[in-house]
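Data block below; observations after.
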Amino acid sequence: MRVYLLSERLKVKVTDILRIADKLGMRKKYAISSLTDTQIKKIKAEIKKQKKLKKNTAKNLHRPGHSSSSVKKKKTKASKKKVFIDMGPAIPAKYNGETLVIMPRDPSSIFAYWEISRKIFGPLVLRVYELEKSADKYYFDIDVDGLINNWYVKVPHPGRKYRSEMGYMTNGFFTRILSSNIIDIPRASVSDEADENWMVVKEDLREIIKESGLDRESRSSLRQAQTNTRILFEILKKGPAGGSSSLLIKKK
Amino acid sequence: MPKGYLCIVLHAHLPFVRHPECPDFLEEDWFYEAVTETYIPLLLVMSRLEKEGVDFRLTMSITPPLANMLSDSLLMQRYSKYLENLETLTEKEMKRSDKVPGIKPAVKMYKKRFRDCRKILNKYGGKLIKAFRYFQDRGSLEIITCTATHGFLPLMPEKKDRRAQVRAAVADYREKFGRAPRGIWLAECGYTGGVDDLLAENGIRYFFTDTHGILYGRPRPKYAVYAPVYCPSGIAVFARDVESSMQVWSAECGYPGDHRYREFYRDIGHDLPEYYIKAHLHRDGVRRNVGIKHHRITGKVPLNKKDFYDPAAASEAADQHAGHFLFCRTAQCEHLKSSLGKTPVIVSPYDAELYGHWWFEGPEFIYRLFKRLSEQSIIKSVTPSEYLKKHPGLQILEPSPSSWGDKGYNEVWLNASNDWIYRHLHHAAKKMIFHAEKNQKASGLRERALNQMARELLLAESSDWAFIMTTGTMVPYAHKRTKLHLRNFIELEKMIERNKIDENYLKTCEERNNIFPHIDFRIYI
């Protein structure tokens, strides 16, 4: 017999029948659409059992001593409709692989995520390397032990290349498990590099920045323009000691 | 000899939203609204200019998802229905305007507008993409492409994954416009080192970055952002001018805030009684914007104190603003030319949907601007290819990784609200590359499944989903779309691995997510 026919006959919802069928282990691999006679008998018996149970619990609730208001509350809570928000189907949380990937977020931070399937013998550590001319210049460690699988890392130098490794510490020794990709961190300032005409360019640039409206902070509603202005001004304001101007002095 | 060049770029993009399974899908309205308020009005402006013999140069990026939607028969049929609804509503409004004379000029304008929409729709047999192609073939419009599904390249570590985004876009462009694209709009202006090599591989000549993409380039740009530069790979880069951007973009001091312009937030979908408006809303009966608005911005007053909209006054305002814009560009170029010793090019990119959808009079502004440009000779409008043809010698520099999103880098698409998507996207990309290489000779059902996997991956990579998660409106839909495409991808991948393809499942995916009908999964090799 088809499930929906049975539901009509017994005046029980299809979903309830399916739930019972599930509970009795009738469903194997695929959803069931029709039932055999013995299965129907079993289901009928189960429905009767459940109805009895319901009656008993209802009686219990109405026993003296229970305040009626609490019963009412429970009822209204149960009858409240849940709003269904479709957030999409489930996707795997893990892929049972081993990966470590880093991505640039802005001139001062990177995002790292990882997945480790093997057993480790010590607290997990994320080691971040700064590169210079495609060789490691120095590194720093971040303690990432625990159930986390991603981290935002502050990095000190905009415009450089970074890579990372993941491993665990045992007796102060680092055992590497994974190695990540190499990324470019964006620059956050005007480049120091220039040719012989460098000074002229700089003068021009300062004027052009003014004319372009980049310095008129009050007028800019664009967040980007503001950031640009701020950063540019910091660089231009810097005296002969720091940043771009030191190059100029050496040349002179 | 002009004193300056003006390059106006309109970036037209919408995510691929198409739900054949539901006759009345809410998010599809994004597309219908944009067609009515932006894409068709822009076409109308161009044909008006053509009729009046005005020589103009406009650059537009029509992203592949949008191009696919504009040539999809189901969506265009549904659009026709959407327009019909507005037409009947306008008839009702005509009757109502006898009692409320204040709305009469606006209602008349809407009536004409919808009639024009219908005309254009009929003229091109519902294939609006042909209309854009027409103006490109005439030489006044330059259409460029974008990454295939508006994928944000700086957050794709796999080179082959990035490359597929470019390849799919170029192939689709050829199909839609009958030639190879000369330029590309990198989604969200997202540039990072190595992207230019992929563009060079695919025959693209130029792209755009935000101001700091060139300003922070290495070595320093000699002419700041007022001349394009070459990447070491020989691809030209144009960068955004800040001043002209702000005049239009800014919420406080930009043109769209003028009190004579139409108020976006007063819509008859919310204003009128239920018995009148209900038939024109979605089936769920929830009040939403229907696209007919009778009020103007008026000033800083509450929504219920707004005055009625006067189309004539609004187009006069658009004309004044076009005059102001041109005046500012003239002054800017004269100054730049004397200090640079070179004719500057001002690059002004905007989201196309800003014109018309958010700023209702935007298309009118464009019309007036080109009209005024044709009446003088100091500033000349130009397309990037035209400029490059005239000025092939440029400075060589390495642009800085950047985007035009908030704060200028990748944070909008990589923060606590959306960082979870990347492990899945990257995993899928790796799998896609692996299976593409392994199954190069696939044919029949297997090939179809691999092609669909490529479609699902590309759709999951749309930067729109991450963007929506950050902005916080319609978030569940963005979650749903990301997971849905990933789930489809994973299921199809399982079938490929087991070499047992469920044709029904595949067919459902193909029918629903039918972007890039002629895709070849080998773009991932």
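List the pairs from B:Lys127/B:Lys293; A:Lys82/B:Lys480; B:Lys337/B:Lys389; B:Lys293/B:Lys371 whose alpha-carbon separation is above 22 Å, in the order I gave them.
Working: B:Lys127/B:Lys293 28 Å; A:Lys82/B:Lys480 19 Å; B:Lys337/B:Lys389 20 Å; B:Lys293/B:Lys371 28 Å.
Where the Cα-Cα span goes over 22 Å, the pairs concerned are B:Lys127/B:Lys293; B:Lys293/B:Lys371.
Add -39500 (n - 2.57) for each DSSP H run of 4 or more in the protein assembly as shown, then divide by its residues: what number comes out at 222 nm, to the nearest 500 deg cm²/dmol?
On the way: 27 runs with 351 residues, N = 777.
After summing the helix terms and dividing by the residues of the protein assembly as shown, the value is -14500 deg cm²/dmol.
As a quick test, which of the pairs A:Lys13/B:Lys483; B:Lys108/B:Lys278; B:Lys108/B:Lys130; A:Lys119/B:Lys441; B:Lys438/B:Lys483 have an alpha carbon distance above 32 angstrom in this structure? Before the final figure, lay out the partial values.
Numbers: A:Lys13/B:Lys483 30 Å; B:Lys108/B:Lys278 22 Å; B:Lys108/B:Lys130 29 Å; A:Lys119/B:Lys441 39 Å; B:Lys438/B:Lys483 26 Å.
Pairs exceeding 32 Å: A:Lys119/B:Lys441.
Suppose a student asked you for the relative contact order of segment B:377-525, using Cα pairs under 8 Å spaced at least 6 residues apart; what percent would you report? List each step's numbers first, then the result.
Numbers: 113 pairs, mean separation 41.9, N = 149.
This gives 28 percent for segment B:377-525.
Rounded to the nearest angstrom and ordered from largest down, what semi-axes does the equivalent ellipsoid of segment B:84-178 get from its C-alpha gyration tensor (root of 5λ)? Don't skip to the answer; put the middle values down first.
Numbers: eigenvalues 355, 65, 24 Å².
The answer is 42, 18, 11 Å, longest axis first.
Taking loop as defined by DSSP and a crowding limit of 16 other beta carbons within 10 Å, which trypsin sites (Lys or Arg not before Pro) in segment B:465-525 fit?
Values: sites: B:Lys480, B:Arg481, B:Lys483, B:Arg487, B:Lys494, B:Arg498, B:Lys500, B:Lys507, B:Arg512, B:Arg522; in loops: B:Lys500.
Here the trypsin sites (Lys or Arg not before Pro) that fit, given the DSSP loop and packing criteria, are B:Lys500.
Report D for segment B:442-486 in µm² per second (integer): Stokes-Einstein, Kirkwood Rh on Cα pairs, 25 °C, 0.890 mPa s. Before the final figure, lay out each step's value.
Working: Rh = 11.4 Å.
In µm²/s, the coefficient rounds to 215.
Could you work out how far apart the two model spin labels at B:Glu274 and B:Asp351 are, taking each label as a point 7 Å from the Cα in the direction of the beta carbon, and quote it in nm?
3.3 nm
Hey, how much of the P(r) for chain B falls beyond 31 Å, as a percent of Cα pairs? List each step's numbers first, then the result.
On the way: 66124 of 137550 pairs.
Roughly 48 percent, once rounded to a whole number.
Hey, which aspartates and glutamates would be in cross-link range of B:Lys111, C-alpha to C-alpha under 14 Å, not counting anything within fewer than 8 residues on its own chain?
Straight-line reach from B:Lys111, under 14 Å: B:Glu37, B:Glu84, B:Glu87, B:Glu91, B:Glu93.
Per Stokes-Einstein, at 37 °C and 0.692 mPa s, what whole-number D in µm² s⁻¹ belongs to segment A:94-184, with the Kirkwood radius over Cα pairs as the hydrodynamic radius?
Values: Rh = 13.4 Å.
It diffuses with D of about 244 µm²/s by this estimate.
Please report the relative contact order for chain B, taking Cα pairs under 8 Å with a sequence separation of at least 6, and give it as a percent rounded to a whole number. Before the final figure, lay out each step's value.
On the way: 854 pairs, mean separation 117.6, N = 525.
Computed value for chain B: 22 percent relative contact order.
Can you pull out the trypsin sites (Lys or Arg not before Pro) in segment B:427-471 whose DSSP state is coil and whose Cβ has at most 12 other Cβ atoms within 10 Å? Please list the in-between numbers first.
Values: sites: B:Lys430, B:Lys431, B:Lys438, B:Lys441, B:Arg446, B:Arg448, B:Arg455; in loops: B:Lys441.
Qualifying residues, ordered by number: B:Lys441.
In the structure shown, do any of A:Lys137/B:Lys222; A:Lys94/B:Lys159; A:Lys137/B:Lys407; B:Lys51/B:Lys380; B:Lys51/B:Lys390; A:Lys42/B:Lys494 have a Cα-Cα gap over 25 Å, and if so which?
Numbers: A:Lys137/B:Lys222 32 Å; A:Lys94/B:Lys159 23 Å; A:Lys137/B:Lys407 29 Å; B:Lys51/B:Lys380 20 Å; B:Lys51/B:Lys390 28 Å; A:Lys42/B:Lys494 37 Å.
Those over the limit are A:Lys137/B:Lys222; A:Lys137/B:Lys407; B:Lys51/B:Lys390; A:Lys42/B:Lys494.
From the P(r) of segment B:450-525, can you give the percent of Cα pairs sitting at distances over 17 Å? Intermediate values should be presented prior to the final figure.
Numbers: 1350 of 2850 pairs.
Value for segment B:450-525 (Cα pairs over 17 Å): 47 percent.
Å³ per residue of the Cα convex hull, for segment B:1-109? If you can, show how the numbers build up before the last one.
On the way: hull volume 17.5 nm³, N = 109.
Hull volume normalised by residue count: 160 Å³.
Given 10 Å bins starting at zero, what is the percent of C-alpha pairs of the protein assembly as shown in each, up to the one with the largest pair distance?
2, 12, 19, 22, 19, 13, 7, 3, 1, 0, 0
Any read-out appearing in this document is the output of simple, stated calculations on the displayed coordinates, not a laboratory observation. Every value quoted in this text rests on a predicted model; they were computed, and no experiment measured them. Glycine also receives a Cβ, built like all others from the backbone with ideal geometry; neighbour counts cover every protein chain displayed.
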